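The values are calculated or read from the model by the stated rules, or taken from the named source; none is laboratory data. Remember, it's a predicted structure, so these values are computed and weren't measured experimentally. Counting neighbours? That spans all protein chains shown, and the Cβs are built from the backbone with ideal geometry, glycine included. When the accessible area is computed, the model is the full protein with side chains, heavy atoms only, and any ligands, DNA or RNA have been set aside. Shrake-Rupley method; radii C 1.70, N 1.55, O 1.52, S 1.80 Å.
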Amino acid sequence: METMIKKKIKEVKKGDQSAYEDIVSFYQNKVYHICYRMIGNSYEAEDLAQEAFIRAYTNLSSFDERRKFSTWLYRIATNLTIDRIRKKKPDYYLDAEVKGTEGLDMYSQLAAEQALPEEEVESLELQSYIHREILALPPKYRSVIVLRYLDELALQEISDVLDIPIGTVKTRIHRGREALRKRLRHV
Amino acid sequence: MKCNKEAVMLMHKYLDGELDREEERRLRDHLQACPSCQNHFHELKRSITLIKNTGPVAAPEGFTSNVMANLPKERKRKNYTRMLQRHPILTSAAIFFILMFSGIFSAWNQDHQVTVSKQENLIIQSNTVIVPEDVTVNGDLVVRNGDLKVEGKIDGDITLINGDFVTDNPENELANGENYQAYASGEVHEVNQVFEWMWYNTKKFVSDVFSMDSN
Ligand SMILES: [Zn+2]
């Protein structure tokens, strides 16, 4: 599949705009999904995903063909989305939510000693509840959690997409998981 | 083993798939002996399952065609083809006539290198000629086969051949270079088609002859 995409990219670079259609159609669901899970509503997600594809097109000359196109594309999409989130909620997030997880005693808060029901309710209601809980994470944790568990990217690829060291990716995933654990404990 | 430091760290390492055999054994032993870590571990794994359960979402109908419709237009060279299709006889007659008498067409095709009439203090980056903020170009500026970005000033006319004005601020898109008048004291010409190119040359030829006459 990467070879097909590489061929299409070459055609677009040569000036054949129509070759871009196959690229968009191949990645549309992935890109839309990342935007949607991070921003939380379909209208803005569509807007962001479109913008990501248009930017990728106009900047295609700067794309290094030895690298993976998907990584580059996801980076454009996540950067746009994170920018949008920052503009929407100026200072509301920024660590406020996960403050309790900083420092040495970040795990000191122990779980309530009760057995959890084993059944996984797959209702739409539950799904949208969980989606809201993901959205309640500060953007820097939200992006790694979305890329890791919803798009199932490897740690190294997340590090490439977000352009942050792999150690930072791990720390953010750990904190994001702990935050979600607390939020979803009673589900 | 300390629950809040070591055990939980090992749980996260496990979830990242990075436990070695020895660590795995230590974590397993601890979990068997410590109900609260067991619970913590269970909650972590469960929240991951729940997150994954939100499932994938597909892009809305018509997404790809919307993107394609909103892409910036292909280079203006296409317009020339379109014009040829619309007025085939007229245009081909005109082309033959002009080609027979001039080498203009081949000159158009020959050099697709970015050229700029004045080089000092200007930056050429990939296909864009940049007039930096602190630079004032004295005299007319001609850019061929490249885009022009003006941050400084131009004291004279601007002629853009087969290129566009570009700006860092897409929301503030400049229509037909009109606003670029603010940067240039003289006239702004954009020459984007082979016909305009011929016209530009013809005019130049005529005015050159004319000014030679008046000398
Ligand atoms: Zn323990």
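Here each label is just a point 7 Å from Cα along the line to Cβ, and for residue A:59 and residue B:53 those points are 3.8 nm apart. Of the whole protein surface, residue B:155 contributes about 80 Å² of accessible area at a 1.4 Å probe radius. For region A:121-165, taking Cα atoms only, Rg and Dmax work out to 12.3, 37 Å respectively.
Summarising the overall dimensions of region A:26-79 from its C-alpha atoms, the Rg and Dmax are 10.9, 34 angstrom. Each 10 Å bin from zero holds the following percent of Cα-Cα pairs in region B:5-52: 27, 57, 16. Counting heavy atoms of the protein chains alone, residue B:158 has an accessible area of about 0 Å² for a 1.4 Å probe. The solvent-accessible area of residue B:159, taken with every protein chain present and a 1.4 Å probe, is close to 10 Å².
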